[in-house]
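Step one of this worksheet: look at the structure below.
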Amino acid sequence: ELAQEYVFRPLGMDDSSYEWKENYANNFAYGYTSDRKAHPKDTDNEPRSGSTMETTAIDYTRFLEAVLQKQLLQPETWKLFLEPQIRIRSTKQFGPLSQKDTTLFDEIGLSYGFGWGMVSSPYGKGVFKECHGDGFQHYSILFPEVGKGMLIMTNSDNGESIYQALLNIGL
């Protein structure tokens, strides 16, 4: 309800919700396993976190554009939004390697802020969001200082394998 009131409706994100809506039945993508088998569509989950969000590329682009244009947040909040809160030094974000430290990401200052990952880049500070669900892997990165960004949405457990190549070409 809060997301609808403060984000989705103000930005015209009419095809976004944290719960499945019946009108999505004619316009959705199946997620696929790494060996190309379709995951069953989960339509009965309780709204809870980003993992239950249903959206479209158009709607999510509206959200990212609003972030780039500093909409929805007060100026004081915007400053906090761009401040790293936790420095990331683990080899991997999840799994057993999340307990192993590395200096590999020191050069880019890999961190997390308030809900967004952060890196230093040739475009200034980059803020990114990731999503991993059964059959879906998405990545978005914004560079607020230069007004650039990129969204990659895949419906495959293999999706993450193309991120770096697409980012190199697209940016």
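The values are calculated or read from the model by the stated rules, or taken from the named source; none is laboratory data. Just so we're clear, the structure is a prediction, and the values are computed from it rather than from any experiment. Heads up, the Cβs are rebuilt from the backbone with ideal geometry, glycines too, and the neighbour counts pull from every protein chain shown. Accessible surface areas use protein heavy atoms only, side chains included; no ligands, DNA or RNA. Shrake-Rupley method; radii C 1.70, N 1.55, O 1.52, S 1.80 Å.
Any chance region 53-61 includes a residue that's of a type outside the set (A, V, I, L, M) and open to solvent by 50 Å² or more (accessible area, probe 1.4 Å)?
Within region 53-61, one or more residues are of a type outside the set (A, V, I, L, M) and open to solvent by 50 Å² or more (accessible area, probe 1.4 Å).
Surrounded by fewer than 17 Cβ atoms within 10 Å (Cβ to Cβ), out of contact with any Cys (no Cβ under 8 Å at 6 or more places or on another chain), touching a residue at least 12 places away in the same chain (Cβ under 8 Å) and not aromatic (Phe, Trp, Tyr), is that true of Gly170?
Considered against the rule, which asks whether it is surrounded by fewer than 17 Cβ atoms within 10 Å (Cβ to Cβ), out of contact with any Cys (no Cβ under 8 Å at 6 or more places or on another chain), touching a residue at least 12 places away in the same chain (Cβ under 8 Å) and not aromatic (Phe, Trp, Tyr), Gly170 comes out as yes.
Residue-by-condition table, conditions (1) in contact with a Leu (Cβ under 7 Å, 6 or more places away or on another chain); (2) in contact (Cβ under 8 Å) with a residue 60 or more places away in the chain; (3) of a type outside the set (Val, Ile, Thr):
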position: Ser49; (1), (2), (3): no, no, yes
position: Thr52; (1), (2), (3): no, no, no
position: Leu64; (1), (2), (3): yes, yes, yes
position: Leu72; (1), (2), (3): no, yes, yes
position: Pro75; (1), (2), (3): no, no, yes
position: Ile86; (1), (2), (3): no, no, no
position: Thr91; (1), (2), (3): yes, no, no
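Taking only pairs six or more apart or across chains, which ones have beta-carbon atoms under 9 Å, a first residue in region 12-28 that is of a type in the set (Asp, Glu), and a second residue that is loosely packed, with under 11 Cβ neighbours inside 10 Å and outside any loop (DSSP other than H, G, I, E, B)?
Asp15/Asn23
Being part of a loop (DSSP other than H, G, I, E, B) and open to solvent by 40 Å² or more (accessible area, probe 1.4 Å) is the filter here, so list the residues in region 29-38 that pass it.
Those that are part of a loop (DSSP other than H, G, I, E, B) and open to solvent by 40 Å² or more (accessible area, probe 1.4 Å): Ala29, Tyr30, Ser34, Asp35, Arg36, Lys37.
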